[in-house]
Amino acid sequence: MSVGESATPLGTVRGLGSARGGGEHWLAERATSAALLLLGAWLVASLFFLPSLDQRTLAEWLAAPSGAVPMALFVVAAFVHSLDGMKMIVGDYVHDEGNRFAVNTLLLFLAVGGASLALFALGRIAFGGAA
Amino acid sequence: MATDPARPQSRPKSPHLTVWRWGPGMLISILHRMTGAALAIAGLALLVWWLMAIAASADAYADFNQAATHPLGLVVLVGLTWAFFQHLLSGVRHLVMDTGAALELDTNKRFALLTLVGSLVLTLLIWVPVLGGLL
């Protein structure tokens with residue numbers, strides 16, 4: 001049997017089979033956690049050292065490339081990492097295959113929707129002249 | 001068997017559903033999951049609201065600010081700050097353990113306790129000056 005395949009075609013479609021596939025999930029979770037370690041430190045330090053936290057100061061901070069780009073990266077990494085983690089929790093506690101599929105799909109929609117809203121807001125700040 | 005003098009009286013037990021006790025390792029493990037879920041749900045919702053408010057207008061941001069500086073809002077923000085640092089430090093501990101290091105019982109226990117102390121200290125370092133400024 002080749003790598004990651006199940007004994008039956010249906011099993012392959014359902015993602016069953018040997019554990020030879022799946023290592024990339026484990027690595028991806030560590031990659032996003034390492035990214036969030038750096039970006040999270042940047043975010044906390046930025047918020048702490050900004051001269052003030054009023055809307056004007058924050059919009060100017062996030063309109064500049066030095067604020068907009070790390071924040072966009074933080075948003076993407078945080079949503080990907082959170083989706084990974086929530087799916088792991090769901091995988092542990094939701095045993096019915098159908099319910100698990102439904103909850104995971106809902107989580108995917110929430111993550112993509114939330115990340116899109118955040119990135120739209122960042123785009124509006126950077127390109128919309130909100131500052 | 002119990003009377004065999006060559007055998008130690010207290011034998012190690014394997015943890016099971018009802019065979020366990022509180023310890024730093026299991027506490028940090030469940031806290032990692034709980035803080036992660038809190039950050040994913042409340043933390044990200046707040047992040048999106050915050051960014052949308054900054055993008056919208058000074059008025060929209062004033063609404064966010066009013067909620068954030070409300071006593072309940074401050075409890076949520078301080079709680080999420082602690083959750084952030086606890087999850088971050090516990091995550092670093094996991095990255096270290098992924099390399100095969102720090103798995104010895106005493107080292108493992110010490111690192112687990114250090115994440116608790118570290119998250120508390122970092123949260124206080126952030127919020128004591130901020131709350132001092134607000135009060």
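Looking only at residues that are among the hydroxyl-bearing types (S, T, Y) and within 11 Å of chain B (Cβ to nearest Cβ) in the stretch A:29-49, which one is nearest to B:L80 (Cα to Cα)?
Applying the filter and picking the extreme gives A:S33.
Which of the residues that make up the stretch B:96-123 are within 11 Å of chain A (Cβ to nearest Cβ) and either surrounded by 14 or more Cβ atoms within 10 Å (Cβ to Cβ) or on the phi > 0 side of the Ramachandran plot (or both)? B:L122, B:T123 - these are the residues of the stretch B:96-123 that are within 11 Å of chain A (Cβ to nearest Cβ) and either surrounded by 14 or more Cβ atoms within 10 Å (Cβ to Cβ) or on the phi > 0 side of the Ramachandran plot (or both). Checked against the criterion of being surrounded by fewer than 13 Cβ atoms within 10 Å (Cβ to Cβ), more than 10 Å from every other protein chain (Cβ to nearest Cβ) and at pLDDT 95 or above, the candidates A:S66, A:S52 yield just one match: A:S66.
Among the residues of the stretch B:17-27, is there at least one that is more than 29 Å from B:S119 (Cα to Cα), modelled with pLDDT of 80 or more and among the polar types (S, T, N, Q)? Looking for residues that are more than 29 Å from B:S119 (Cα to Cα), modelled with pLDDT of 80 or more and among the polar types (S, T, N, Q), one finds at least one in the stretch B:17-27, hence yes.
Filtered by the rule that a residue be more than 10 Å from every other protein chain (Cβ to nearest Cβ), in a helix (DSSP H, G or I) and either aliphatic (A, V, I, L, M) or in contact with a Pro (Cβ under 6 Å, 6 or more places away or on another chain) (or both), the stretch A:73-122 gives A:L73, A:V76, A:A77, A:V80, A:V90, A:A102, A:V103, A:L106, A:L108, A:V112.
Report yes if B:L39 is in contact with a His (Cβ under 7 Å, 6 or more places away or on another chain) and under 27 Å from A:W61 (Cα atoms), otherwise no. It is true that B:L39 is in contact with a His (Cβ under 7 Å, 6 or more places away or on another chain) and under 27 Å from A:W61 (Cα atoms). Residues in the stretch B:45-63 that are surrounded by fewer than 20 Cβ atoms within 10 Å (Cβ to Cβ) and either more than 20 Å from A:A64 (Cα to Cα) or more than 7 Å from every other protein chain (Cβ to nearest Cβ) (or both): B:A45, B:L46, B:W49, B:W50, B:A56, B:S57, B:D59, B:A60, B:A62, B:D63.
The values are calculated or read from the model by the stated rules, or taken from the named source; none is laboratory data. The structure displayed is predicted, hence computed values, not measured ones. We place every Cβ from the backbone using ideal geometry, glycine too, and count neighbours over all the protein chains shown.
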